[in-house]
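Read the figures in this text as sums done on the coordinates, not as results from a lab. This structure is a prediction, so every number in the text was calculated from the model and none was measured. Cβ sites come from the backbone with ideal geometry, for glycine too, and all protein chains shown count toward neighbours.
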Amino acid sequence: MEEIDRIDAALLNAVQRNNRLTSDELAELVHLSPTACHRRLKRLRARGIIEGDVSIVSQKAAGRQVTVVVLVSLERERADIIDRFKSAIRNTREVMIGYYVTGDADFILVVTAKDMEDYEQFTRRFFYENNDIKGFKTMVVMDRVKAGFAFPIEI
């Protein structure tokens, strides 16, 4: 990670937990003026340390009741095949998270679906129609115990 000081770290920890904090609330947490907090956040965004601001939508409200973790093995580990599959992951809305990994699989995906029938249609389209995929294993999530993207930030 780029060089950050303890105030940047405090700001990052705070906005990871709640990106709707006002400048006044942040100022109180990190012991700076609201204007200074705003300037620092703007700088952190400009440097790419803060990559964006998102809202977390309820999975149930979105009608995406099913979450599955999928282990994907490619036919071969060639750069063009890997790049093509990475692109497919990035351009597929059902794939929430995609990791290129070492070990028994080449990729791990977190996928959402309306129901199991919807997931089956996804597998036909995304896996079975792709000749670069040797195989995949699906694990259905029974309970989401923890979900988040906050990194522990320390100086």
> Let a ≥ b ≥ c be the square roots of the eigenvalues of the Cα gyration tensor of the stretch 6-46; is it rounded (a/c under 1.5), or, if not, prolate (a/b larger than b/c) or oblate?
Replying inline: rounded
> Nearest 20 debye, what's the magnitude of the dipole of the stretch 66-140 about its Cα centre given +1 on Lys and Arg Cβ and -1 on Asp and Glu Cβ?
Replying inline: 160 debye
>> What distance in nm lies between label points placed 7 Å from Cα along the C-beta direction at Arg43 and Met142?
In response: 5.0 nm
> Relative contact order for the stretch 66-140 using alpha-carbon pairs under 8 Å, separation at least 6, rounded to a whole percent?
Replying inline: 51 percent
> Rounded to the nearest 500, what is the chain's calculated 222 nm mean residue ellipticity when only DSSP H runs of at least 4 contribute -39500 (n - 2.57) each, over all residues?
Replying inline: -10000 deg cm²/dmol
> Once the other residues with Cβ under 12 Å from the Cβ of Thr112 are scored (Lys, Arg +1; Asp, Glu -1), what is the net sum?
Replying inline: +2
> If you look at just the Cα atoms of the chain, how large are its Rg and its Dmax in Å?
Replying inline: 19.8, 57
> If R0 is 30 Å, what FRET efficiency do you get for Thr35 and Asn91 from their C-beta distance, rounded to 0.05?
Replying inline: 0.15
>> As I understand it, the value is the acute angle between the Cα axis of helix 6-17 and the longest principal axis of the Cα atoms of the chain; what does it come to in degrees, rounded to 10?
In response: 50 degrees
>> With unit charges on the beta carbons (Lys and Arg positive, Asp and Glu negative) and the dipole taken about the Cα centre of the stretch 71-136, which residue among Leu74, Phe127, Thr92 sits farthest to the positive side?
In response: Thr92
> What angle, in degrees between 0 and 90 and rounded to the nearest 10, separates the Cα long axis of helix 79-90 from the longest principal axis of the Cα atoms of the chain?
Replying inline: 70 degrees
> Sorted by packing (mean other beta-carbon atoms within 10 Å per residue), highest first, where do 67-78, 44-55, 137-148 land?
Replying inline: 67-78, 44-55, 137-148
>> At 7 Å along Cα-to-Cβ for each site, give me the label-to-label distance between Ala62 and Glu3 in nm.
In response: 3.9 nm
> How many lysine pairs in the chain, separated by 8 or more positions in sequence or lying on different chains, have Cα atoms less than 30 Å apart?
Replying inline: 13
>> Can you compute the charge dipole magnitude of the chain about its Cα centre, using +1 on each Lys and Arg Cβ and -1 on each Asp and Glu Cβ, nothing else charged? Give it in debye, rounded to the nearest 20.
In response: 300 debye
